[in-house]
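Here's the structure, in structure tokens; my notes come after.
The values are calculated or read from the model by the stated rules, or taken from the named source; none is laboratory data. The structure presented is a predicted model; accordingly, all values stated were derived computationally and were not measured. Note that we place each Cβ from the backbone using ideal geometry, even for glycine, and neighbour counts take in every protein chain shown.
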Amino acid sequence: MNTNVNNHSSAVGWIGIFAVVALAVVWIGSYLEETCWTWGVNTISDFGVLGKSADVFNYGIIVVGLLISVYGVGKTAISNNVGFSVAGNLIAIGGIFIAMMGLLTIDIKNGDYHKMVAMIGAILIFAGLMASAIQQYHCGFTIPVGVAILLFIAMFFCAIAFGYAKGEVYCLLIAMIWAGMDAALMIASGLKGAEQ
Amino acid sequence: MKMDNGSKLGMILAGLGGCVAVGAFAFTYESALTTFVPIGALLLLAVMFFALAGAFNTTGQWTPRALTLYAFILAGVIMGVTLVEYINVYIGIVEFILAILVIVISNAPETRRFVSQSE
């Protein structure tokens, strides 16, 4: 039996939503396990080495990364446009790097490996979301593109004005909203190509 | 073509946003280097709001779609400068709500029709 992936754009969108929800659950779960994590002082990666929260965070982030990767692969598979295809590929590869964060924690080699995979993953997913927004603009969407612009500018300010830890946490929150919106748009519009 | 109520309201709200920014600038101003960033941010918001107000016309500088996207850029700048505490948080909230209202108005069918008219 053959499965036509083009009939499952909503399912792919739901995987994206699950990835965002899973990240939120991992974050909250890690915090409940280890309450010494402080907002604006610790980075999200600190959960991976903080006593009780380490297992929750490390296994959780692997699941989140794989979900992001599956979402990216699905987005590429159903897309008829170069923009969505590029976006899906970048998100899929970025998801793998995010999953690797759970294996390479910040206590390995002074955190160099962790920083490398985290930054590559974040940059690839960010680039994927940007590519998706550009293609949405060409497909005639105005409000989702506008919200993406708003989030991008807010992220830019947070990145340049806050310190490393605080900036990372704020940027991650904004990226979660952006990714959730991208996935929700796939569910709502059955986004495949040029049609709105 | 007669100006529709949406365009009038959009123009008024955007103008009001600019006035609020200029007012906040006047209250923030001190002859000290530390106020350079806040007053710079408020002046930027004032300029962006007044530019937005001018676009609600048949002789405006943008298409309806570009107007909406520009309003989103303005909302993003407001959110950014408020999050990083360049401006007072209450001023930021008022400005952000005004920007969102302008976005909503700029998407109304009658307003889009009016703005896309050329004289």
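This table checks each residue for (1) small (Gly, Ala, Ser); (2) modelled with pLDDT under 90; (3) surrounded by 20 or more Cβ atoms within 10 Å (Cβ to Cβ).
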{"residue": "B:Leu44", "(1), (2), (3)": "no, no, no"}
{"residue": "B:Met48", "(1), (2), (3)": "no, no, yes"}
{"residue": "B:Phe72", "(1), (2), (3)": "no, no, yes"}
{"residue": "B:Ile78", "(1), (2), (3)": "no, no, yes"}
{"residue": "B:Val89", "(1), (2), (3)": "no, no, no"}
{"residue": "B:Arg113", "(1), (2), (3)": "no, yes, no"}
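Can you go through B:Phe96, B:Phe114 and tell me which one is under 13 Å from the mean Cα position of the chain (by Cα) and over 16 Å from B:Ile39 (Cα atoms)?
On the way: B:Phe114 fails: under 13 Å from the mean Cα position of the chain (by Cα).
Residue meeting the stated conditions: B:Phe96.
Which of the following residues is at pLDDT below 90 and within 17 Å of the chain's Cα centre (by Cα): A:Gly167, A:Gly95, A:Gly128, A:Gly140? Spell out how you get there, then give the answer.
Values: A:Gly95 fails: at pLDDT below 90; A:Gly128 fails: at pLDDT below 90; A:Gly140 fails: within 17 Å of the chain's Cα centre (by Cα).
The unique qualifying residue is A:Gly167.
Only one residue in B:Phe114, B:Phe96, B:Phe56, B:Phe49 is in contact with a helix residue (DSSP H, G or I) (Cβ under 9 Å, 6 or more places away or on another chain), in contact (Cβ under 8 Å) with a residue 60 or more places away in the chain and more than 9 Å from chain A (Cβ to nearest Cβ). Which one? Before the answer, list the steps.
Working: B:Phe96 fails: in contact (Cβ under 8 Å) with a residue 60 or more places away in the chain; B:Phe56 fails: in contact (Cβ under 8 Å) with a residue 60 or more places away in the chain; B:Phe49 fails: in contact (Cβ under 8 Å) with a residue 60 or more places away in the chain.
Only one candidate passes the filter, namely B:Phe114.
With respect to A:Ile98, is the statement that it is outside any loop (DSSP other than H, G, I, E, B) and either farther than 25 Å from B:Ser106 by Cα or away from chain B (no Cβ under 14 Å) (or both) true?
Against the criterion (outside any loop (DSSP other than H, G, I, E, B) and either farther than 25 Å from B:Ser106 by Cα or away from chain B (no Cβ under 14 Å) (or both)), A:Ile98 qualifies.
Can you tell me how many residues within region A:3-37 are at pLDDT below 85, among the β-branched types (Val, Ile, Thr) and out of contact with any helix residue (DSSP H, G or I) (no Cβ under 7 Å at 6 or more places or on another chain)?
Residues in region A:3-37 being at pLDDT below 85, among the β-branched types (Val, Ile, Thr) and out of contact with any helix residue (DSSP H, G or I) (no Cβ under 7 Å at 6 or more places or on another chain): 2 in total.
Within region A:81-97, can one find any residue that is surrounded by 20 or more Cβ atoms within 10 Å (Cβ to Cβ), touching an Asp or Glu at 6+ places or on another chain (Cβ under 9 Å) and small (Gly, Ala, Ser)?
The answer is yes; a qualifying residue exists.
For A:Leu173, are the conditions met, namely being free of Cβ contacts under 8 Å to residues at least 24 places away in the same chain and more than 7 Å from chain B (Cβ to nearest Cβ)?
Details: free of Cβ contacts under 8 Å to residues at least 24 places away in the same chain: yes; more than 7 Å from chain B (Cβ to nearest Cβ): yes.
Answer is yes for this residue.
Restricting attention to region B:102-111, which residues are out of contact with any Phe, Trp or Tyr (no Cβ under 9 Å at 6 or more places or on another chain) and either surrounded by 18 or more Cβ atoms within 10 Å (Cβ to Cβ) or within 14 Å of chain A (Cβ to nearest Cβ) (or both)?
Hits for region B:102-111 are B:Val104, B:Asn107, B:Ala108, B:Pro109.
Just to verify a result, which residue in region A:134-151, among those that are touching a residue at least 12 places away in the same chain (Cβ under 8 Å), out of contact with any Phe, Trp or Tyr (no Cβ under 8 Å at 6 or more places or on another chain) and within 23 Å of A:Gly72 (Cβ to Cβ), is surrounded by the most Cβ atoms within 10 Å (Cβ to Cβ)?
First pass over region A:134-151, keeping only residues touching a residue at least 12 places away in the same chain (Cβ under 8 Å): A:134-136, A:138-141, A:144-145, A:147-149, A:151.
From the residues that got through so far, the ones that are out of contact with any Phe, Trp or Tyr (no Cβ under 8 Å at 6 or more places or on another chain) too are A:134, A:136, A:138-141, A:144.
Cutting the leftovers down to within 23 Å of A:Gly72 (Cβ to Cβ) gives us A:134, A:136, A:138-139, A:141, A:144.
On the way: A:Ile134: 16, A:Gln136: 24, A:His138: 12, A:Cys139: 19, A:Phe141: 18, A:Pro144: 21.
That would be A:Gln136.
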